[in-house]
1. From the P(r) of region 76-154, can you give the percent of Cα pairs sitting at distances over 19 Å?
2. Enumerate by residue number the GluC sites (Glu not before Pro) in region 289-348 meeting two conditions: DSSP loop (anything except H, G, I, E, B), and at most 15 other Cβ atoms within 10 Å of the site's Cβ.
3. Using only the Cα atoms, what convex hull volume per residue in Å³ does region 374-435 have?
4. Mind checking which of L128, L236, L311 has the largest fluctuation in a GNM of the chain, springs on alpha carbons under 10 Å?
5. Quick check on the chain: of the DSSP beta bridges with both residues there, what percent are antiparallel, nearest 5%?
6. Rounded, prolate or oblate: which one fits region 170-211, using the alpha carbon gyration tensor with axes a ≥ b ≥ c (rounded when a/c is under 1.5, else prolate when a/b beats b/c, else oblate)?
7. Relative to the Cα centre, what is the charge dipole magnitude of the chain, using +1 at the beta carbon of each Lys and Arg, -1 at the beta carbon of each Asp and Glu, and rounding to the nearest 20 debye?
8. With viscosity set to 0.890 mPa s and temperature to 25 °C, compute the Stokes-Einstein D of region 150-220, Rh being the Kirkwood radius across alpha carbon pairs; µm²/s, no decimals.
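The values are calculated or read from the model by the stated rules, or taken from the named source; none is laboratory data. This structure is a prediction, so every number in the text was calculated from the model and none was measured. In this analysis, Cβ positions are derived from the backbone assuming ideal geometry, glycine residues included, and neighbour counts consider all displayed protein chains. Just so you know, the surface numbers come from the protein's heavy atoms only, side chains and all, with ligands and any DNA or RNA stripped out. Shrake-Rupley method; radii C 1.70, N 1.55, O 1.52, S 1.80 Å.
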Amino acid sequence: MIEPARAAFLLIDMQNGFIDGASPLCIAGAAATVPACAHALAAAREHGLAVFHVRRAYAADGSDVEAARWETWAEGGRPLSSADPMSLACPSELAPAPGEPVVVKPSWSAFFGTDLDALLRARGIGTLVLAGTTTPNCVRSTAYDGLARGFNVAVLRDATSSRSPEAQEANLADMEAAGTQLIHTDDFAVNGLLHVRDTEAEVARAVALELEAKARNTETDAAADTAAANDSGAPLPPTPTLESIETVSTGWINKYHLHYTLPDGRPYTYEGVSRKGPERYEAALEALGNTGAPTPDAVCIVPLLPDGSVLLEREFRYPLNSWCVSLPAGLIDAGESLEEAVARELSEETGYRLRADIAPAVRPLPQPGFSSTGLTEENVQVVFAQVEAAGKARPDSAELIEPFTVARADLRAFLDANQLPIGTRCQLILELLAL
């Protein structure tokens, strides 16, 4: 999820000269969006986004008025200039708070002829959420200039306005096709940036992975392959050699002795456990030793409800002899896809289901994480899932599970007050969501 501190809310041209019906430059749909813009502005502040107020101000002599507007502007009292000061102001509910910059632009785009780009870069901002008027002109040109500069750009479709509903929808559709993300103000107010994709980072990762794969394919030297697989580009230190795997005991959990030869030639035996039988365990260790991508053994689900609440569980855990707080989780069955495993575990443990109105409803982290690197090779794929209530849970007879929800705003208080055992993975995820 995008960090609020790395995002900005831009309120564009919500000035009386564009809102007041008596102004010759009035945008027909602008006045109706004032409440939505005020709601979005309050939400941006609450969620911790940087807020920028983008304004238009003409020279009193009209030297910088767009040619297409000049005649209407000149004959209509010269709004949005010092000749009509009230037209430069905004409704009181949209007024800047102390410390919120006001960017005055000389043309359509908030980036044209301003220091907006430098201000955003100085704060480490990579995502923009736009509201205001007009959608075909200033909002659209700002969105396109933002995309061209490598920002993620989202537009609040119901907090922007055009001269007609037809123009509004056509321009929103064009912007979406060009890569702008469209969200509703209520969604933004409740969920913040939850439904805004970090597309720039996703593409950068995909390109980096493709370049890395090409580099590995063209290298013939094993040492160079190892170096390319490391973030630092440096080769790994000398690695112990796995000579054999001895099965000590079998059952639901299998115990093994791993016989290694250390880089200095000494023998070394390490104890490990796995749910995998000997053949699968040996294959898994061989793949990991060759830096192969592991196939997830299990899934851990972070279920998010439409109102932004988090779905959790109180579950009795026999190894602890105690109830504990956890996220829905379970092993991935043979032949089961990740999404199928997520849907099944949700249904069985909680009675909830994946939402059909959001695509994708399941967003996995980039790679599985390992449960305990000092004990087992088992790995778990963490996914964020958009869910909704569907029916009754269907846990196994020995599974004692009580689903419950916590509002995002209450997570800090919940974590501070909780006295039950909690898994490290669950604890860290909830701490991050609480931020």
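1. Result for the distance tail: 45 percent.
2. Details: sites: E313, E315, E336, E339, E340, E345, E348; in loops: E336.
Of the GluC sites (Glu not before Pro), the ones in loops of region 289-348 whose Cβ has at most 15 other Cβ atoms within 10 Å are E336.
3. Working: hull volume 10.1 nm³, N = 62.
Hull volume normalised by residue count: 162 Å³.
4. Judging by the Gaussian network model, the answer is L236.
5. Working: 38 of 70 bridges.
Percent antiparallel among DSSP bridges in the chain is about 55.
6. oblate
7. On the way: 33 positive and 59 negative charges, 136 e Å.
So the dipole magnitude of the chain works out to roughly 660 debye.
8. The estimated diffusion coefficient comes to 168 µm²/s.
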